[in-house]
Amino acid sequence: KLETNPPNPSCNIIIREAVEGDLPMAARILTDGFFRDTTNFFTYPIERLNTFLSLNSSYQTFRFSERTGARFAILVACDLTTGGKVVGCCQVDDSLPKGEIDPSPRPYMCNLAVDDDFRRAGIARLLVLQCENIVRDKWEKPTLHLKMMEGNEAAFGLYFGIGYRLESRYVNAKNENVLLLAKSLD
């Protein structure tokens, strides 16, 4: 299994591939990060369940990716000071698009989120760098892509600060401006 040690001894975060037991916490972090402002007391649990089911489906589909040659990973950031609690997550995907309308360029990173209590500590950056390592070193691909919503200044600062550049911009079905970013990993 993939595992990355912290960049310095004072950092108590480890990045690793998710195991099935990580999925409920990852679903909570993703739901909080992406749907908190668009849900309420009644709809939040449904959105969280939907997020968990989607994560679980991906996990079950790709759990034997080493044997099948599929290229997909769910990564989690774990805080060693809290017994390894999952505090962040993301996905990286180089699988062939299957029936998608306007598929994302491959490989791409998606669903990057960090627990509120652990934000602004470099965890998102560690997750992105680990995705880059997988794409470059394991999958031997020269570029990593990602999409982000225009106006997300924290994400914009992170991605542009580590070398991502704007490839294109479009308006999605919800009338939101979406940016497609890419970074050369050579």
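The values are calculated or read from the model by the stated rules, or taken from the named source; none is laboratory data. Because the structure is a prediction, the values reported are computed rather than measured. Here the Cβ is made from the backbone with ideal geometry for all residues, glycine too, and neighbour counts use every protein chain on show. Quick note on the areas: whole protein, heavy atoms, side chains included, nothing else; ligands and nucleic acids left out. Shrake-Rupley method; radii C 1.70, N 1.55, O 1.52, S 1.80 Å.
At a glance:
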read-out	value
Average accessible surface area per residue within the chain, 1.4 Å rolling probe, Å²	56 Å²
Between segment 137-159 and segment 74-114, the Cα center-to-center distance that results, in Å	11 Å
By average C-beta atoms within 10 angstrom, highest first, the peptides 146-152, 107-113	107-113, 146-152
Of (i) 54, 39, 25; (ii) 66, 38, 33; (iii) 46, 42, 35, the label for Cα extents along the principal axes in Å derived from the coordinates	(iii)
Accessible-area composition of the chain, carbon plus sulfur, in percent [1.4 Å probe]	52 percent
Cβ crowding within 10 Å averaged over residues, with 28-38, 167-177 ranked highest first	28-38, 167-177
Those aspartates and glutamates that a straight Cα-Cα span of less than 19 Å connects to K85, excepting residues fewer than 8 apart in one chain	E3, E17, E20, D22, D32, D115, D116, D117
Amide H partners (placed H, <5 Å) of R71, local residues excluded	D94, S95
Partner lysines for K183 [C-alpha distance under 26 Å; skip if fewer than 8 residues away on the same chain]	K1, K98, K138, K141, K147
Sequence-distant residues sharing a close amide H with K85 (under 5 Å, placed H)	D79
